[in-house]
Amino acid sequence: MNGTLQIRDHLLNELETGVRTGASLIRLIGSEDWSYRPQENMRSLVELVHHFIQITASDLAIMQEKGEAEVGLVENSLSGTQDIEKLEATLWSNFESYKAYITGLSEDDFLNRSTKAFYMEHGHLQVQWQIETVTHVFHHRSQLYNYLKQQGHELNFFMLYA
């Protein structure tokens, strides 16, 4: 395997770590936790979880140059859902679809194909989008960890890498 594909796969492994450990955090949520909102200008826990779960699906839609309405449908498709099993199944399904897309790209497309988000003036290469997705997942996984910590859940740093 060449270096480009090794880097792609390392990034996918990191993304899977973020998804897996995010799923373990979501499994800790109790019914009393869902409405938690650290401040009025921040997402509630349920909104954060829905956003986290949809990152790979919405980022994939953006990478594929879907319009604002289509991306919005993806981002809002979990509205009202608090069933942990359904949420976790959606998280993994979204990840697998994203992974299939990334691994389905030729090396040339991965490195050189540019696509433009509906909200940007210029496009990004697929490799750049992959890096963006990894950082996006880890950003919101960190928020999820902090929300649960603020709610009094017993958490430790090592959970984020198990």
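Would you point out the residue of segment 1-17, among those that are under 18 Å from Val134 (Cα atoms) and of a type in the set (A, V, I, L, M, F, W, C), that is surrounded by the most Cβ atoms within 10 Å (Cβ to Cβ)? So that I can check it myself, show each step before the final result.
Quick first cut of segment 1-17, residues under 18 Å from Val134 (Cα atoms) only: 4-17.
Filter once more, so that each one left must be of a type in the set (A, V, I, L, M, F, W, C): 5, 7, 11-12, 15.
Numbers: Leu5: 13, Ile7: 14, Leu11: 16, Leu12: 18, Leu15: 23.
Here the answer is Leu15.
Only one of Arg20, Arg27, Arg37 is within 19 Å of Ala57 (Cα to Cα) and either in contact with a His (Cβ under 7 Å, 6 or more places away or on another chain) or open to solvent by 20 Å² or more (accessible area, probe 1.4 Å) (or both). Can you tell me which?
Arg20
I'd like to know if segment 111-129 contains one or more residues that are polar (S, T, N, Q), open to solvent by 40 Å² or more (accessible area, probe 1.4 Å), assigned to a helix (DSSP H, G or I) and free of Cβ contacts under 8 Å to residues at least 40 places away in the same chain.
Checked against the condition, which is being polar (S, T, N, Q), open to solvent by 40 Å² or more (accessible area, probe 1.4 Å), assigned to a helix (DSSP H, G or I) and free of Cβ contacts under 8 Å to residues at least 40 places away in the same chain, segment 111-129 yields at least one hit.
Which of the residues spanning segment 54-91 are within 22 Å of Ser114 (Cα to Cα), open to solvent by 40 Å² or more (accessible area, probe 1.4 Å) and not aliphatic (A, V, I, L, M)?
Gln64, Glu65, Lys66, Glu68, Glu70
Which numbered condition in (1) farther than 18 Å from Ile7 by Cβ; (2) open to solvent by 60 Å² or more (accessible area, probe 1.4 Å); (3) of a type outside the set (Ser, Thr, Tyr) is the only one that His51 fails?
For His51, the failing item is (2).
Give the residue, chosen from Arg141, Arg113, that is under 19 Å from the mean Cα position of the chain (by Cα) and more than 12 Å from Thr4 (Cβ to Cβ).
The unique qualifying residue is Arg141.
The values are calculated or read from the model by the stated rules, or taken from the named source; none is laboratory data. Predicted model only: the values in this text are computed from it and were never measured. Here the Cβ is made from the backbone with ideal geometry for all residues, glycine too, and neighbour counts use every protein chain on show. Calculation scope for accessible area: heavy atoms of the full protein, side chains included, ligands and nucleic acids excluded. Shrake-Rupley method; radii C 1.70, N 1.55, O 1.52, S 1.80 Å.
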